[in-house]
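First up is the structure itself, then whatever we jot down about it.
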Amino acid sequence: MSQAAPIKVHDTLNAYDRAIPFFNYPAQFKANEQGYMQVFKDVCSRGAYILQKDLADFEASIAKFLNVKHVIGAADGTNAIMIGLMALGIEPGDEIIVSSHTYIATASAGHMLGAKIVPCDIGPDNLMDAKSAEKCVTEKTKVILPTHVNGRTCNMDAIMDVANKHGVMVAEDAAQALGSKFKGQCAGTFGKFGTFSFYPAKILGCFGDGGALITNDDKIAEQVRALRDHGRNEKGEVVLWGTNARLDNLQAAFLNYNFKDYDHIMARRRAIAAKYTQGLSNIPELRLPSGPDADKDHYDIYQNYEIAAERREALREYLKEKGIGTIIQWAGTPIHQFKKLGFTQSLPQTDHFFERCMMLPMNMSLSDEDVVFVIKAVRSFYGK
């Protein structure tokens, strides 16, 4: 259970002795500087840079954690999606359905293969709406590609039902959802493959770009391993056209070091989310994400704490004056609003959400005092 301790919120907002950035990149390194330096010296002293034991160890750690057969480290989450789609045989003219509430990378990975990207609307949980996705299905649809946003897994029962009904494949963009679950099953394990990102601000992040693809399909795994390494098989023979999408061994070593504390990291983020939920739940101008224990079907890990707020821009400016950093995810633009990319869809639920959405600080550098200060600032803005 993720019970939050009672929060004392006063009528007045007192001065605070430090700023609260949305994400504190230097703090991420400083928190474990000695350990990181040991990892760096170990890897570099061995000259172990590309496809070495550290990468294999990290892949094994993630495979055990997710209970999957294959984990293949990739250069980043975008390349992981792209080579996964290549392994599924996606060709020019094929259609891929995505949620419009996602980063452009989800769409561009398929577009670079010549596929047509079809954005669909979101549901009440701000994730892919299965009914909207079904309306997008045509005879050219090959893949439904949901994104598990903010550390919450989509309703995969509904999405898999649509896919099975129409005979299309499912792949998952789980970039923000390593360890998130729906009905006890981990994000990324429902479809043909799932992908993750290890961008520095992710819950499990490295010091640059990084990603991984997971699958229980032996054939897909074999193809993806070749595709990420110039089309070479385990014997070093070039057996197909590939690319260079390998996860650097040094980054894998850093990730494996961080992963040893992952259970604590997830628990801490859930505890922060519980505090936010407790402190902000009675403000009618806000719509909050589901609390950590509010839904028995979901185990959320809170990559972000994304709210919908009345008078959003004024609230953000007020928080900025108090030294609190906020952002609007993906620069405030869902996929279907990129009109220069040719999208013409009308998606009212997504449009409405992006008029109001913003994210409060959510990371491991936050203290309980920081979280309480953020809560007090938001409450003060709304006169609570």
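The values are calculated or read from the model by the stated rules, or taken from the named source; none is laboratory data. Everything numeric in this text was worked out from a predicted model, so none of it was measured. Backbone-built Cβ (ideal geometry, glycine too); neighbour counts: all protein chains shown. These area figures cover heavy atoms from the full protein model, side chains too; ligands, DNA and RNA do not enter into them. Shrake-Rupley method; radii C 1.70, N 1.55, O 1.52, S 1.80 Å.
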*asked:* Amide H of CYS120 versus every other amide H placed in the peptide plane: which residues, excluding those fewer than 5 positions away on the same chain, fall under 5 Å?
replied: VAL98, SER99, SER100
_Given the -39500 (n - 2.57) contribution per DSSP H run of 4+ residues, what per-residue ellipticity at 222 nm results for the chain, rounded to the nearest 500 deg cm²/dmol?_
-11000 deg cm²/dmol
*Once the dipole of the chain is set up with Lys and Arg at +1 and Asp and Glu at -1 on Cβ about the Cα centre, which of PRO289, GLY383, PRO334 lies farthest towards its positive end?*
GLY383
_Among HIS111, PRO124, GLY167, which residue has its Cα furthest toward the positive end of the charge dipole of region 99-209, with +1 on Lys/Arg Cβ and -1 on Asp/Glu Cβ?_
GLY167
*Between LYS183 and ALA31, what length in nm is gained on full extension when 0.36 nm per residue of separation is reduced by their alpha carbon distance?*
51.3 nm
_Potential extension, LYS219-ALA60 segment - 0.36 nm per residue separation minus Cα distance_ = 55.4 nm
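Under the rule a/c < 1.5 gives rounded, and otherwise a/b versus b/c splits prolate from oblate, where does the chain land using the Cα gyration tensor?
Oblate, since a/c reaches 1.5 and b/c is not below a/b.
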*Calculated Rg and Dmax of region 60-123 using C-alpha coordinates, Å*: 13.5, 38
*Among the aspartates and glutamates, which have Cα under 20 Å from the Cα of LYS53 when same-chain residues fewer than 8 positions away are ignored?*
ASP42, ASP76, ASP209, GLU222, ASP229, GLU234, ASP248
*Of the lysine pairs in region 201-340, how many meet both conditions: Cα atoms under 27 Å apart, and a spacing of 8 or more in sequence or different chains?*
11
_Förster radius 45 Å - calculated FRET efficiency between LYS296 and TYR49 (Cβ-Cβ, nearest 0.05)_ = 0.50
_region 1-157 shape via C-alpha gyration tensor axes, a/c threshold 1.5_ = oblate
*What dipole magnitude, in Debye to the nearest 20, does the chain give about its Cα centre under +1 on Lys/Arg Cβ and -1 on Asp/Glu Cβ?*
360 debye
*More than 19 Å apart - percent of Cα-Cα pairs taken over region 271-351*: 53 percent
*Can you give the accessible area of ARG356, probe radius 1.4 Å, in Å² rounded to 10?*
40 Å²
*What whole-number value in Å² describes the accessible area per residue of the chain for a 1.4 Å probe?*
45 Å²
*Please get the size of the charge dipole for region 100-170, origin at its Cα centre, with Cβ charges of +1 on Lys and Arg and -1 on Asp and Glu, quoted in debye to the nearest 20.*
220 debye
*Return the distance in nm (one decimal) between the two label points of a simple spin-label model at ARG356 and THR138, each offset 7 Å from Cα along Cα→Cβ.*
3.3 nm
*asked:* With +1 on the Cβ of every Lys and Arg and -1 on the Cβ of every Asp and Glu, and nothing else charged, how large is the dipole of region 185-282 about its Cα centre, in debye rounded to the nearest 20?
replied: 380 debye
*asked:* Need the full-extension length gain, LYS41 to TRP241, defined as separation in residues times 0.36 nm minus the C-alpha distance. One decimal, nm.
replied: 68.5 nm
